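A short write-up of the structure that comes next.
The values are calculated or read from the model by the stated rules, or taken from the named source; none is laboratory data. Worth saying up front: this structure is predicted, and the values here are computed from it rather than measured. Ideal geometry is used to build each Cβ from the backbone, glycine not excepted, and the neighbour counts take in all protein chains shown.
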Amino acid sequence: MILSEENAQPGNFEEEDETKPLDPLDLTARDIAIFKLAHEHRYIVYSQIREGFWKNRTVSAKTCYKRVERLVRSGFLDKGYSSRKSLDVYFVTAKSFKILQDRGLDSGLMLYEPTEWFDRSIDHDLKVLNLRILFRDLGLDSWTSERVARDRDHLKKVPDGILNIGGKRIAIEFENLGLTKQMVRYQAMLNYYRQHENYVLLFLIIDGDVKDWLVTVMDYDVKRVWITTYRELTQKKGDAVFENKAASFALCEIL
């Protein structure tokens, strides 16, 4: 039995009856939402499942942990391991992928099959997924992942995420651990967003200490480019300050 996908948002899920036998496993809307999120981002980790779908439950209750383990034992999630992060990761399986396909929720993607190097950019990838969960908690859940934009939509220039608000697209670019690009590459990225009007705004989110340098030194369209740090955004959320050369506003004021 598979419940409706409607209202598959954090806090809108029925609680699991822990007295139910393991087999057969009745899938919930929350389970399917987990599958879809992992599928669109290739993988997900336990802390993101708990934050995204059991946010208001205490860790000691272990409700999330028990459910994830049941999904693994029932063949709906595959548990892998990242040696780079010393962390368990979860992948969609052929079984859960078939459920997504049958419900038209596969996002036009093939089943991701992990390679030996699946985690080569795991720190970056997990933080981008954290950002998606954060924006969803702010009520902004229309997000196109990099994988969907590249493999389904075949975009030439693929942001780390695309946020759609009322039909207007906002490009999300996340830069991990400071100056991962040379100055000329940052400028090329900013030039692209100046020249292409398919995005009304660019949110450039920096995990490092170069935000002020980017704000003051780079050349960009101050009507469209807003810059903040990963720490600022994850700590203050809707009240996080985004800035450029001309102004600074809280995220809730920009949107």
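Taking the criterion of being surrounded by fewer than 20 Cβ atoms within 10 Å (Cβ to Cβ), assigned to a loop (DSSP other than H, G, I, E, B), of a type in the set (Gly, Ala, Ser) and touching a residue at least 40 places away in the same chain (Cβ under 8 Å), would at least one residue in region 107-115 satisfy it?
Checked against the condition, which is being surrounded by fewer than 20 Cβ atoms within 10 Å (Cβ to Cβ), assigned to a loop (DSSP other than H, G, I, E, B), of a type in the set (Gly, Ala, Ser) and touching a residue at least 40 places away in the same chain (Cβ under 8 Å), region 107-115 yields at least one hit.
Give me a count of the residues in region 32-55 that are among the charged types (D, E, K, R) and assigned to a helix (DSSP H, G or I).
Qualifying residue count, region 32-55: 4.
Just give me the residues in region 223-255 being of a type in the set (A, V, I, L, M, F, W, C) and part of a helix (DSSP H, G or I), in sequence order.
Scanning region 223-255 gives Leu233, Leu251, Cys252, Ile254.
Would you please name the residue that is farthest from the chain's Cα centre (by Cα), looking only at residues in region 154-192 that are among the basic types (Lys, Arg) and modelled with pLDDT under 95?
Arg185
For Lys157, only one of the following conditions fails: (1) out of contact with any helix residue (DSSP H, G or I) (no Cβ under 9 Å at 6 or more places or on another chain); (2) in a loop (DSSP other than H, G, I, E, B). What is its number?
Going through the list (1) out of contact with any helix residue (DSSP H, G or I) (no Cβ under 9 Å at 6 or more places or on another chain); (2) in a loop (DSSP other than H, G, I, E, B), Lys157 breaks only (1).
If you scan region 105-137, which residues turn out to be among the polar types (S, T, N, Q) and farther than 19 Å from Asp151 by Cα?
Correct list: Asn130 only.
Condition check: assigned to a loop (DSSP other than H, G, I, E, B), among the hydroxyl-bearing types (Ser, Thr, Tyr) and either in the same structural domain as Leu131 (by TED's automatic domain parsing) or within 30 Å of Met110 (Cβ to Cβ) (or both). Does Tyr220 satisfy that?
Numbers: assigned to a loop (DSSP other than H, G, I, E, B): yes; among the hydroxyl-bearing types (Ser, Thr, Tyr): yes; either in the same structural domain as Leu131 (by TED's automatic domain parsing) or within 30 Å of Met110 (Cβ to Cβ) (or both): yes.
So Tyr220 fits the description; yes.
Sort out which residues of region 34-73 are aromatic (Phe, Trp, Tyr) and more than 21 Å from Asp119 (Cα to Cα), and write them in order of number.
Within region 34-73, Phe53, Trp54, Tyr65 meet the criteria.
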